[in-house]
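Here's the structure, in structure tokens; my notes come after.
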């Protein structure tokens, strides 16, 4: 069982994501179910509906899922590097620039969801065999300290954040 990270294992910026992960949860099981949960939530969305921005400065559902995919890649890369003992400080990224510099709305929602599912499945194959020593390793990302344990919680919490946002802010219902 991967325990909850201590506050010195991550920067305050990530606290909200970590708090979303239920206390005592089986983190790897939670990570494994998230692709199906997202797919079920978005099952009634058409491609046309998922391409609509609720406001000019807000992302469409497809852009949210595209952002989730981009972030999954970045967090997984950070996790791998730090777990392998690489202490090179890892740069941050500007999520709005990432979304602005591509067009997720031209893609099928089903493809975006499949991309997330495949990434997460591959990531879990990498994360499941991590030893306690690897999970305890720490590095720097976005100028902030972070442990592998914290990154795994952040990955789960990031998806939980967007799942809740889709339900509450976007009024998406399965």
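The values are calculated or read from the model by the stated rules, or taken from the named source; none is laboratory data. Model, not experiment: these values are computed from the prediction. Ideal geometry is used to build each Cβ from the backbone, glycine not excepted, and the neighbour counts take in all protein chains shown.
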>> Among the residues that make up segment 153-165, is at least one of them touching a helix residue (DSSP H, G or I) at 6+ places or on another chain (Cβ under 9 Å) and over 30 Å from residue 52 (Cβ atoms)?
In response: yes
> Quick check, is residue 130 surrounded by 14 or more Cβ atoms within 10 Å (Cβ to Cβ), over 15 Å from the mean Cα position of the chain (by Cα) and within 16 Å of residue 32 (Cα to Cα)?
Replying inline: yes
>> Anything in segment 156-174 that is part of a loop (DSSP other than H, G, I, E, B) and surrounded by fewer than 19 Cβ atoms within 10 Å (Cβ to Cβ)? List them, or say none.
In response: 169, 171, 173, 174
> How many residues, within segment 125-151, are assigned to a helix (DSSP H, G or I) and out of contact with any helix residue (DSSP H, G or I) (no Cβ under 6 Å at 6 or more places or on another chain)?
Replying inline: 6
> Among (1) closer than 21 Å to residue 101 by Cβ; (2) modelled with pLDDT of 95 or more; (3) out of contact with any strand residue (DSSP E or B) (no Cβ under 6 Å at 6 or more places or on another chain), which single condition is residue 36 missing?
Replying inline: (1)
>> Pairs needed: first member in segment 122-151, at positive phi and at pLDDT 95 or above; second member anywhere, surrounded by fewer than 16 Cβ atoms within 10 Å (Cβ to Cβ) and assigned to a loop (DSSP other than H, G, I, E, B); C-beta distance under 6 Å; at least 6 residues apart or different chains.
In response: 142/92
> Which of the residues belonging to segment 133-155 are closer than 18 Å to residue 24 by Cβ and surrounded by fewer than 22 Cβ atoms within 10 Å (Cβ to Cβ)?
Replying inline: 135
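Suppose the filter is buried (at least 16 other Cβ atoms within 10 Å of the Cβ), more than 19 Å from residue 125 (Cα to Cα) and either in contact with a strand residue (DSSP E or B) (Cβ under 8 Å, 6 or more places away or on another chain) or at pLDDT 95 or above (or both); does residue 45 pass it? Before the answer, list the steps.
Values: buried (at least 16 other Cβ atoms within 10 Å of the Cβ): yes; more than 19 Å from residue 125 (Cα to Cα): yes; either in contact with a strand residue (DSSP E or B) (Cβ under 8 Å, 6 or more places away or on another chain) or at pLDDT 95 or above (or both): yes.
Here the answer is yes, as residue 45 does meet what is asked.
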